[in-house]
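The block underneath contains the structure these notes are about, expressed in structure tokens.
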Amino acid sequence: MAAYFKRCIIDRSKLYCSVLLLVYPFWWSCSNRHVQTINKFQNELNIISDSLQAWTDSHSPVGVEVLILKDQKELLHKAYGWKDFENKVPLQTNSVFRVASMTKPLTATGILILKQRGQLKIDDKISKYLPNFMSISGDSLSIEHLLRHSSGYGELQVWKDYGEELRLFNGLESVVNVLSQYEPAMPVGTEEYSSLNTILLSAILEKVSGMPAERFIKENILSPLKMTNTYLLEEPGTDWFNKIPRTYGVHDGEPEVYWIPGQHPSMYPFFRGATGAATTVTDYARFLQMWLNKGKLDGKRVLEESTVEEALNNNGKSIGLHWFVPVSPDESDVFGHAGWYGTCGAAYQKDNAIALYFTQTYNNPKISEFYELLSYSGILEHKGPYDIQKELPNLPEQPNSEFLEAYEGTYRAVTSDGLEWVADIVMTEGHLEANIRSEVDSWIDKLVFVKPDTFAPGFIKGSTALAVAPKVFYQFKGVGSFEVTVLGNPEFSFKTINSSPAAHSED
């Protein structure tokens, strides 16, 4: 498999190169020096870059800007495709993007600052600050429920079209008054992502601080972090607002304009905490880096270390205090957030790395594909999951050792170019491992059981599966053979040299 990856480097113009990179993991240790890191991974960075170019060439997405940082140094920062497809205006680096729900962590950080100052506690009942909620859910809703998206409110519980219908209100208070008339749709304590939680946090932020939430965030977060190209209120007619890329949907392979700055009604006539921010990849990277640095950046402390640690503790679920912190083989290694128009930011604690992917193609952004590319490239040591806003895959219970032993053996395949490959399928610490090699390359995959006679490369501790590669399968075909399929296509057909008597097959 790695051999195919190397061939892609030779001819990067072919689209299949980007697909193959999704499939084959390579693990190299990173250098501490910036130039050495770039040189070491230049081929991988080139393939990521070529993949992004191929995606935008086919309008999926229409345009995208990417920033990858490690140890606060740029590995890749480039824009691809179009800001304005109709007039053929290319997208430029450091464009201002509407980031929608990536506003939420800014609002939550404001709440955490108030907590540090002793102005509120996260276990306070929200009725302490919003009295209309005293009769909701037996007065059991706390600020922590809002922060962890465990209030029980659903995303579209109150409004069927969140953006359109909130235009009818004249301020945050009127929105909160409407929300106070609804009981949560699910039991309090149920983890269910909802913008309604952040709207209520924003109202509490205003109540406690005595100022508009956007002003508090600007004075206490944006200014200290020098996020000078981040805006919380839409300002039609201003220079920065008119430069926002058009928002697109893609239908039948063709871009269709969804929103044009200055020509369509304001989506966010007032700040409501859950959405509304516009920013650049470099500004948002500063915000993420502050979190990676345990609350400070360039000598400015915004949060205490203990606050950061508390916020990034997901309590075994998928959300911390308003950050997505998915369960992973590296515990709480990765955290981040995405936005509806096609933006996403992820921070990797062990790698001290940040990856931002900003597009304004809402229905085909390829966010998860980008983070898979990055995870499989070997540039980072992070081992998944790849989509920060997805919970662990719904996998069957992993079989016991006696069941798995039937698949053990040594297998052989010859590819179309005459290259011979050998695969040793062995038991290791309660799971199967594939050691595949040829005279030109080799790799090892830990195999996760996904259905009868079918496994996927992934990450597994003992018999507990933690993540799987979604594009690759090892499909055993009875006694003595298996195929490795990629995107449904067989890439290797192995037959036994020496194997156990039989593989299990179930209906």
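Tabulated results
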| quantity | calculated |
| --- | --- |
| Nonlocal amide H pairs with Tyr258, under 5 Å, H built at 1.01 Å | Thr247, Tyr248, Gly249 |
| Built amide H within the under 5 Å cut-off of Lys78, gap 5+ | Val66 |
| In Å, descending, principal axis extents of the Cα set of segment 258-318 | 45, 31, 19 |
| Aspartates and glutamates with Cα under 16 Å of Lys73, excluding same-chain neighbours fewer than 8 positions away | Asp283, Asp298, Asp351 |
| Loop-resident sites, segment 106-147, for trypsin sites (Lys or Arg not before Pro), counting at most 13 other Cβ within 10 Å (DSSP) | Arg117, Lys121 |
| Relative contact order for segment 401-499, counting Cα pairs under 8 Å that sit 6 or more residues apart, in percent | 24 percent |
| Evaluated at q = 0.17, 0.23 Å⁻¹: base-10 log I(q)/I(0), Debye formula over Cα of segment 227-299 | -0.79, -1.07 |
| Coarse-grained scattering of segment 401-499 at q = 0.11, 0.17 Å⁻¹, given as base-10 log I(q)/I(0) from a Debye sum over alpha-carbon atoms | -0.29, -0.71 |
| Trypsin sites (Lys or Arg not before Pro) within segment 175-239, DSSP loop, no more than 16 other Cβ atoms inside 10 Å | Lys226 |
| Phi-based couplings in Hz for segment 143-154 (Karplus 6.51, -1.76, 1.60; Gly and Pro marked x) | 4, 5, 4, 5, 5, 8, 6, 10, 6, x, 5, x |
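Here, each number is a calculation from the coordinates, and none is a lab measurement. The shown structure was predicted, so the numbers you read here are calculated from the model rather than taken from an experiment. Counting neighbours? That spans all protein chains shown, and the Cβs are built from the backbone with ideal geometry, glycine included.
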